[in-house]
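This report refers to the structure that appears directly beneath it.
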Amino acid sequence: MEEQQDRCPHCGSDDLKRYKQTGYGQVYPMKGILRIGGQTLIHLICRRCGTVVRSYVEHPETLE
Ligand SMILES: [Zn+2]
């Protein structure tokens, strides 16, 4: 994935880092849990103030 020039909306810092949330933090569709695997959730977090700038799934193309 390409690097993005996102900025923290809270403090304006561009010192953002992606963190993966796995295990129990995985998100699943409300229906069909057994038909599709869980999605790893990625958080883009500001390393200056800790604001979660963005949260997204790793493979949106597989979402139902
Ligand atoms: Zn910040």
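A few points about this structure:
- Test: residue 26 is closer than 16 Å to residue 62 by Cα and at pLDDT 75 or above: no
- Any hit, segment 38-45, residues being assigned to a loop (DSSP other than H, G, I, E, B) and either within 16 Å of the ligand (Cβ to nearest atom) or modelled with pLDDT of 85 or more (or both): no
The values are calculated or read from the model by the stated rules, or taken from the named source; none is laboratory data. Treat the numbers as computed from the prediction; the structure is a model and nothing was measured. Because the Cβ atoms are built from the backbone with ideal geometry, glycine has one as well, and the counts that use them run over all protein chains shown.
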